[in-house]
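Below you'll find the structure, written out as C-alpha cells, and then a few comments.
The values are calculated or read from the model by the stated rules, or taken from the named source; none is laboratory data. Just so we're clear, the structure is a prediction, and the values are computed from it rather than from any experiment. Because the Cβ atoms are built from the backbone with ideal geometry, glycine has one as well, and the counts that use them run over all protein chains shown.
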Amino acid sequence: MATWQRLAAVTDLPAGTGGEYLAGDRIVALFNVDGKFYALDGICPHQGGPLGKGFLDGCIVTCPWHGFQFDVTNGQHLTSRSLVHPVFPVKVEDGGVWVEVG
C-alpha cells in the first residue's frame, strides 16, 4: 500500500538542486526544478549509482557514476526510449515536500 512520507522541508532543496532521501526502505532522489519538486527511484538502473547525488541541469539529472541521464519530470532515459525510471507522486504541504511511495 502506498503512503505519503515527508522527505524534506521546501527550504532544504533550493531550485536547481537534488538530494537523496530514505522513505521507508526505499532510496528516493528528490529534485527542485524551478520551484517544482520531482521524485525518482534513487538507484540508477545501470549499476546502482546514487541519482540523488547526480548533477541536475534543468530537468535532466546525470548519474554521478556512469553518466546515465534521466528527465526527472517523467523518468525518461535520454537516449533509450524504452527505459523509463520509476517516478513517485510529490506534493508540497505545510512547508514540507511529501512523496508517495509504495
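Can you name every residue in segment 21-50 that is within 8 Å of the chain's Cα centre (by Cα) and part of a strand (DSSP E or B)?
Those that are within 8 Å of the chain's Cα centre (by Cα) and part of a strand (DSSP E or B): 28, 29, 30, 31, 38, 39, 40, 41.
Out of the residues in segment 5-20 that are hydrophobic (A, V, I, L, M, F, W, C) and loosely packed, with under 14 Cβ neighbours inside 10 Å, state the one that is farthest from the chain's Cα centre (by Cα).
9
Name the residues in segment 70-102 that are buried (at least 16 other Cβ atoms within 10 Å of the Cβ) and more than 21 Å from residue 25 (Cβ to Cβ), would you?
Selection gives 70, 71, 72, 76, 77.
How do the pairs read when you match residues in segment 79-102 that are over 20 Å from residue 12 (Cβ atoms) with residues anywhere that are modelled with pLDDT under 95, using Cβ under 9 Å and keeping only pairs 6 or more apart or on different chains?
Pairs found: 83/45; 85/45; 102/1; 102/2; 102/3; 102/26.
Going by the structure shown, is residue 52 under 19 Å from residue 26 (Cα atoms), in contact with a helix residue (DSSP H, G or I) (Cβ under 6 Å, 6 or more places away or on another chain), touching a residue at least 12 places away in the same chain (Cβ under 8 Å) and surrounded by 12 or more Cβ atoms within 10 Å (Cβ to Cβ)?
No, not satisfied.
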